[in-house]
Amino acid sequence: MPGTLTRPELTAADRCDRCGAAAKLRAVLPSGGELLFCGHHARAYEAGLRDVRADLQQDEQ
């Protein structure tokens, strides 16, 4: 039986796609692509990401 694919946890090497700060949120789009955002940009784009039904994965730290 094949295992479930999961995305790795965010690390210090993951950077925001808008500004380059440390990523705190991974948005997995319905098309399969993903975007990484810092806390500031995550808050700025959260409503739009929810509108397109992106799977939002928050950094636990």
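Please list, in chain and number order, the residues 5+ apart from Arg18 or on another chain whose amide H is under 5 Å from its amide H, with Hs placed from the backbone.
Cys38
Would you mind checking the tilt of helix 39-51 against the longest principal axis of the Cα atoms of the chain, expressed as 0 to 90 degrees and rounded to 10?
60
Take each of the peptides 13-24, 36-47, average the number of other beta-carbon atoms within 10 Å over its residues, and list them starting from the highest.
Values: 13-24: 14.7, 36-47: 16.5.
Output ranking for 13-24, 36-47: 36-47, 13-24.
Could you list, by residue number, the cysteines of the chain that have no other cysteine's beta carbon within less than 4.7 Å of their beta carbon?
So far as the 4.7 Å Cβ criterion goes, Cys19 stand without a partner in the chain.
Using only the Cα atoms of the chain, what are the Rg and Dmax in Å?
Cα radius of gyration and Dmax of the chain are 11.9, 41 Å respectively.
Read-outs: derived from the displayed coordinates by stated rules, not from any lab. For clarity, every value in this text was computed on a predicted model and none was experimentally measured. Note that we place each Cβ from the backbone using ideal geometry, even for glycine, and neighbour counts take in every protein chain shown.
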